Amino acid sequence: MAYTEEELKKELETKEYEYGFYTDIESDTFPKGLSEEIVIAISKKKEEPEWMTQWRLESFRYWKEMVEPEWANIKYKKPDFQDISYYSAPNKKPKYNSLDEVDPELLETFKKLGISLDEQKKLAGVAVDIVMDSVSVTTTFKKTLAEKGIIFCSISEAIKEHPELVKKYIGSVVPQKDNFYAALNSAVFSDGSFCYIPKGVRCPMELSTYFRINQAGTGQFERTLVIADKGSYVSYLEGCTAPSRDENQLHAAVVELIALDDAEIKYSTVQNWFPGDKEGKGGVYNFVTKRGICEKNAKISWTQVETGSAITWKYPSCILKGDNSIGEFYSIAVTNNHQQADTGTKMVHLGKNTRSTIISKGISAGKSQNSYRGLVQVNSRAENARNFSQCDSLLMGNECGAHTFPYIEAKNKTAQIEHEATTSKIGEDQIFYCNQRGIDTEKAIALIVNGFSREVLNKLPMEFAVEAQKLLEISLEGSVG
Amino acid sequence: MLKINNLHARVEEKEILKGINLEVNAGEVHAIMGPNGSGKSTLASVIAGKEEFEVTRGKILFEGEDLDDTAPEERAHKGIFLSFQYPVEIPGVSVTNFIKTAINESRKARGMEDMPANQMLKKIREKSEMLDIDRKFLSRSLNEGFSGGEKKRNEIFQLAMLEPKLAILDETDSGLDIDALRIVANGVNKLRNKDNAVVVITHYQRLLEYIVPDFVHVLHDGKIVKSGGKELALELEEKGYDWVKQETVA
């Protein structure tokens, strides 16, 4: 059968979310709603010290005074924050020493996701700290890391075991009242990952965390804190999938990166949360605040592949505080059906000779809207700051949209800022050309999209790049116009 | 190998092919000549299965099988290759990556495993040398920023790699200087054998000096109005297409 545009559209519409399954595990879930009592209860549940409880309460009070931001190029029904349960943990509580102790059903879920821990353990150099709903279930490779003095654990554990580090850095890059969602997260964050690389240590493996939303109606509020001490290096991978659901699921994470003098952090994300069905029903609302700070000669590199979520509101940013520091942002954002993405970055140049690079690739199909929003800000004291931005959009069909909102504020005349943007469309001629060489339409789209995204895919660690390519194929199967 | 019976095809409401009959056997080279707008490229596209053309009457048989309802990629898997007049650009996809994908997709369709990497590399080296293609060229994005000559040479490189049963060369000579023309033609000639066939579509006689046809057909207004041996091409060159047009009217 030969393809026509209509048939392609139909096929695309019937394409169901590949990882839309749901694991039935007994959960310990809080009643819906948010109040000071709930915040305190969360903190208690997690056996947190008093300072943490107070920090949460303070955040909650800020949040109560704030309103949801409306400037993004997205349309959605605002979540009812009193209709969400703010804590859910897999029930069987104890920490596991080996996989044999883990609930077999949970293991089955991981298997479906293709991240069997058995395999992961054997896979060279990948330690996995899996977040199933809110509580860390198991952590591998901890010993190897401990030998180098690297701390890689859940944030709850870090609050208990390493309070001095958490206390010093939490909220130092994303303050509690930074924005509506960051304040909410600060009040109710359930769990997340914590990572500390000591001075001069090069983390010998890629650190990965898999997030997964699993409890109906449970908002997920992850908190991640990565600290790279002077002269250290770490590559951190974050990947996510979630089961399909009718109600909208709110996700408001906060990620803070601290790169001290001469340190380097590479943070890579593959995000594949449920995008909603073809009518735009369901799907995850993803409102994330990600920001890193670079001290002298430090470097932070954000790489993201965003294929999921009904709504994505996300701007991984770099504050280039130290002289000669470097910020990078490489992004691929795919939207299909009714998905909406408003994503980009902020590069704030404060130090001298700071440099930043932004490469953004937006791919829109179906009836989706894909926006790049970026800010390049050069402070008056940032002598010789340099920025290069490139924003490319690829459109499929006639009903989707691609938008670019680049903001530039330069307060120092030695700044050099470049911005390039292109928009292109996958053509029937390109598809036919591939078809004629024996490549079917789905594969052709994957090939064209991979080509378009190559500059960013190349920035991902090897094992992630393969997964990312697969995701791009899944997300866009059959979509062309 | 290829048998076309009374083929009519249109694009939107416009009828372009008005009853084509053509038979191409293994081991043969056919040239299809004709003035602009006579339907040459349409014929090539219809054989390859391009969607925008609708076959309203007649049949295309390939090795005895009716191609109606056969998707373009399936036609490719069966061994039909079209060298495009205007090859498209695919940014970010290298020449090597593209041909690798094409070969492995065809193998997959035939129930074969991917071609082993060393075999693939050897083949790429062999064929690129044959066509005087530079190593660096292979890592460039497909057709992006290629000169006219490079594009055509790349088409023939793909032909050499895929080794189809039937190769249709649509205006492969356009945009080629004489040296490139010779290289391309030599490449095609080396690939010829008793089991495959070539259909050369061209406006000018020039290419036919290098790829010598067994049969020449003249297309005019959607029909083959004259067929003959290779000397017909010379006669056509000498007398011009008006000669055929007049003869048709007469």
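The values are calculated or read from the model by the stated rules, or taken from the named source; none is laboratory data. Bear in mind the structure is a predicted one, so any value in this text is a computation, not a measurement. Note that we place each Cβ from the backbone using ideal geometry, even for glycine, and neighbour counts take in every protein chain shown. Note: accessible area is taken over every heavy atom of the protein model, side chains too, but ligands, DNA and RNA are not part of it. Shrake-Rupley method; radii C 1.70, N 1.55, O 1.52, S 1.80 Å.
Taking K and R as +1 and D and E as -1, what net charge do the other residues with C-beta under 12 Å from the C-beta of A:Asp429 add up to? Please report the intermediate quantities before stating the final value.
Working: positive: A:Lys425, B:Lys50; negative: A:Glu428, B:Glu51, B:Glu52, B:Glu89.
Overall, the nearby charge balance is -2.
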Could you calculate the FRET efficiency of A:Glu418 with A:Val67 from 1/(1 + (r/R0)^6), where r is the beta carbon distance between them and R0 is 56 Å, rounded to 0.05? 0.95
Considering every residue in A:440-449, what mean count of other chain Cβ atoms within 10 Å of its Cβ is obtained? 4
Keeping the other protein chains in place, figure out the carbon and sulfur percent of the accessible area of segment B:2-249, with a 1.4 Å probe. 45
Per-residue average of Cβ from other chains inside 10 Å of B:63-73: 3
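Counting only other chains, what is the mean number of Cβ atoms within 10 angstrom of the Cβ of each residue in peptide B:38-49? Show your work: numbers first, answer last.
Numbers: counts 0, 0, 0, 0, 0, 0, 0, 2, 0, 0, 3, 4.
Counting other chains' Cβ atoms within 10 Å and averaging over B:38-49 gives 1.
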Cα axis of helix B:95-109 to longest principal axis of chain B: angle in degrees, 0 to 90, nearest 10? 80
Counting only protein chains, not ligands or nucleic acids, how are A:Ile258, B:Ile183 ordered by accessible area (probe 1.4 Å), most first? B:Ile183, A:Ile258
Sticking to Cα atoms, compute the Rg of segment B:197-250 to one decimal and its Dmax as the biggest Cα-Cα distance, whole number, in Å. 10.9, 34
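Pop the C-beta distance of B:Asn189 and B:Leu121 into the FRET formula with R0 = 30 Å and round what comes out to the nearest 0.05. Kindly include the intermediate steps, with their values, before the conclusion.
Details: r = 25 Å, r/R0 = 0.83.
For R0 = 30 Å, the calculated efficiency reads 0.75.
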Report ³J(HN,Hα) in whole Hz for each residue of segment B:72-88, in order, from the Karplus equation J = 6.51 cos²θ - 1.76 cosθ + 1.60 where θ = phi - 60°; Gly and Pro get x. x, 5, 5, 4, 4, 4, 6, x, 9, 10, 10, 8, 6, 5, 10, x, 8
Accessible area buried at the A-B interface, both sides summed, 1.4 Å probe (Å², nearest 100): 2400
Roughly how many whole Å is it from the C-alpha centroid of segment B:43-70 to that of segment B:110-186? 25
What distance in nm separates the simple spin-label points at A:Asp80 and A:Lys411, each placed 7 Å from Cα in the Cβ direction? 4.4
Distance violations [Cα-Cα > 19 Å] among B:Lys40/B:Lys190; A:Lys45/A:Lys168; B:Lys3/B:Lys59; A:Lys199/A:Lys266: B:Lys40/B:Lys190; A:Lys45/A:Lys168
Once Lys and Arg are counted +1 and Asp and Glu -1 for all other residues with Cβ under 14 Å from that of A:Lys411, the total becomes +1
Over what distance in Å are the Cα centres of segment A:373-434 and segment A:29-46 separated? 42
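In what order, largest first, do A:Asp392, B:Asp134, A:Asp440, B:Asp69 sit by accessible area if the probe radius is 1.4 Å? Present the calculation step by step, with values, prior to reporting the outcome.
On the way: A:Asp392 15, B:Asp134 90, A:Asp440 55, B:Asp69 120 Å².
Result, largest first: B:Asp69, B:Asp134, A:Asp440, A:Asp392.
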State the Cα centre-to-centre distance between segment B:1-33 and segment B:216-236 in whole Å. 13
Separation of the A:Lys199 and A:Asn458 label points, Cα + 7 Å toward Cβ, nm: 3.7
Which of the chymotrypsin sites (Phe, Trp or Tyr not before Pro) found in segment B:176-227 are in a DSSP loop and have at most 10 neighbouring Cβ atoms, other than their own, within 10 Å? none
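Using per-residue counts of other Cβ atoms within 10 Å, averaged over each peptide, order B:217-228, A:292-303, A:183-194, A:400-411 from highest down.
Answer by packing, highest mean first, reads A:183-194, A:292-303, B:217-228, A:400-411.
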